[in-house]
Amino acid sequence: MKKRLAGTTQIYFQAGSSRETGNLLSKYTIPKNILLVHSSGRWLQPLLEQVIENLNKNGFNKIIRYDAISSNPHCSECDEGIRLARENDARIIIALGAGSYIDAAKYIASRANVDFYAAVPTTAGTASYFNEWSVMTDYNKAKKSIIARAPDIAILDPETLTSLPPHLSFYNGMDCFSHGLEAYFTRSCPPVAAREALQGCRIVVDNLEKVLGNGKDVGLRSKMFEADLLTGRAMMKSGLGILHCISNVISGFYPHYQHGFLCGVLLWETVEYNKAVLPPKRLKKILPLHEQITDIFYHHFTNQPPVIIEKKDLIIKEEDFPDIIHLAVNNVNAATNPRPVTPEIVEYIIRKVFYVD
């Protein structure tokens with residue numbers, strides 16, 4: 001099994017590794033009560049049963065399950081998870097699901113002060129399984145990036161991705177690419193991060209359409225995890241930018257807009273605004289990949305349902321506009337954008353991409 005270190009997180013990367021969750025956990029801790037934060041989808045049930053079976057086999061018999069997390073996790077949902085962890089003396093947290101579940105579990109793990117946190121991601125693109133940032137929606141619908149707790153271990157099993165429907169695989173790929181592109185654009189991007197970002201973006205461009213055509217191919221799914229690791233590491237070293245300032249905030253107000261989809265629709269205007277300050281040598285390397293992913297994005301939504309590509313389908317309410325602009329300008333990712341994130345440019349980009357009703 002491939003072992004890598006990403007930040008403070010030990011990565012286990014191999015097909016079938018999710019079925020060894022209990023075995024891996026036993027390398028780090030004796031059996032203790034577990035809060036298992038997991039997706040509620042039916043598709044996850046076989047994997048969930050396998051993970052619990054292996055945990056039981058290794059002596060982890062007290063497992064409290066919690067699946068009341070939305071696609072844009074809310075602080076109130078995490079508060080309930082914290083209560084469950086404390087009431088049941090759960091000293092270990094395992095997150096099994098997409099980035100929203102992993103982010104929620106980070107928040108719960110930090111506030112409940114557990115001994116150990118393991119993540120088993122079922123999507124490749126968020127990189128949430130090896131950083132300490134938890135993207136949460138607060139009580140005022142504002143989506144914020146909160147420093148919480150990175151997982152101690154992350155178990156990357158490309159087999160867990162084979163049940164993902166094409167549209168979610170596509171959104172994850174767009175999210176992954178946007179991490180690499182925004183990291184690559186930052187002024188503080190060191191050479192090693194630039195190489196990682198560029199390589200990760202290239203893997204997405206080369207493999208995303210193949211994954212959409214053959215989602216059961218474990219080898220292709222493995223490549224998407226590889227891209228996620230690369231662009232995620234670049235993001236950790238360099239930060240992000242205006243695209244995530246806007247996309248993170250909008251999905252807090254309009255949770256029906258999936259984050260990866262927002263990354264896709266905002267990608268072109270992000271590059272148009274920032275490319276003037278990128279060194280020509282870097283620009284020459286990233287622009288062809290940007291053009292390719294843009295073609296893939298629009299081709300996908302022209303030829304496959306759901307078709308959400310007309311500006312009239314991207315509606316932002318006028319009454320929400322001032323709050324969205326304020327929160328975007330003050331988002332943590334604004335600090336690392338290569339050009340200033342001002343109210344004027346945020347308003348320009350949103351009005352260019354969305355219909356403000």
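Only the coordinates and a few stated rules stand behind these numbers; no lab work does. Because the structure is a prediction, the values reported are computed rather than measured. Don't worry about glycine lacking a Cβ; one is built from the backbone with ideal geometry, like all the others, and counts go over all protein chains shown.
Of note:
- Degrees between helix 259-274 axis and first principal axis of the chain (Cα, 0 to 90, nearest 10): 40 degrees
- Ordering 181, 273, 199 by the projection of their Cα atoms onto the charge dipole of segment 181-274, which places +1 on the Cβ of Lys and Arg and -1 on the Cβ of Asp and Glu, puts 199 at the extreme positive end.
- Protection proxy ranking of 249-260, 21-32 - average other beta-carbon atoms within 10 Å, highest first: 249-260, 21-32
- When the chain is described by a simple charge dipole with +1 on each Lys and Arg Cβ and -1 on each Asp and Glu Cβ, the residue from 250, 234, 121 located farthest towards its positive end is 234.
- Charge dipole magnitude, Cβ of K and R +1, D and E -1 - segment 49-136, Cα centre, debye nearest 20: 180 debye
- With contacts taken as Cα pairs under 8 Å and at least 6 residues apart, the chain reaches a relative contact order of 15 percent.
- For the chain, the longest principal axis of the C-alpha atoms and the axis of helix 45-57 are separated by about 40°.
- Coordinate range along principal axes, alpha carbons of segment 2-161, Å, largest first: 43, 33, 32
- Note on segment 1-158: antiparallel DSSP beta bridges, both residues inside, total approximately 30 percent of the bridges counted.
- Above-threshold pairs, the threshold being 32 Å between Cα atoms, out of 32/210; 106/285; 144/284; 27/223: 32/210; 106/285; 144/284
- Taking a ≥ b ≥ c as the square roots of the eigenvalues of the alpha carbon gyration tensor, segment 166-356 is oblate, as a/c is not under 1.5 and a/b does not beat b/c.
- A full extension of the chain between residue 80 and residue 315 corresponds to an added length of 81.4 nm, given 0.36 nm per residue minus the alpha carbon distance.
- Contact order for segment 2-161, expressed relative to its length and based on alpha carbon pairs under 8 Å spaced 6+ residues apart, stands at 29 percent.
- Of all DSSP beta bridges confined to the chain, the antiparallel ones make up roughly 30%.
- Gyration tensor verdict on segment 54-95 (Cα atoms; rounded if a/c is under 1.5, prolate if a/b is larger than b/c, oblate otherwise): oblate
- Over the C-alpha atoms of the chain, the Rg to Rh ratio, Rh being the Kirkwood estimate, stands at 0.96.
- Each Lys and Arg Cβ is given +1 and each Asp and Glu Cβ -1; about its Cα centre, the chain then shows a dipole of about 1140 debye.
- Estimated [θ] at 222 nm from DSSP helical runs (n ≥ 4, -39500 (n - 2.57)) normalised by residues in the chain, nearest 500: -16500 deg cm²/dmol
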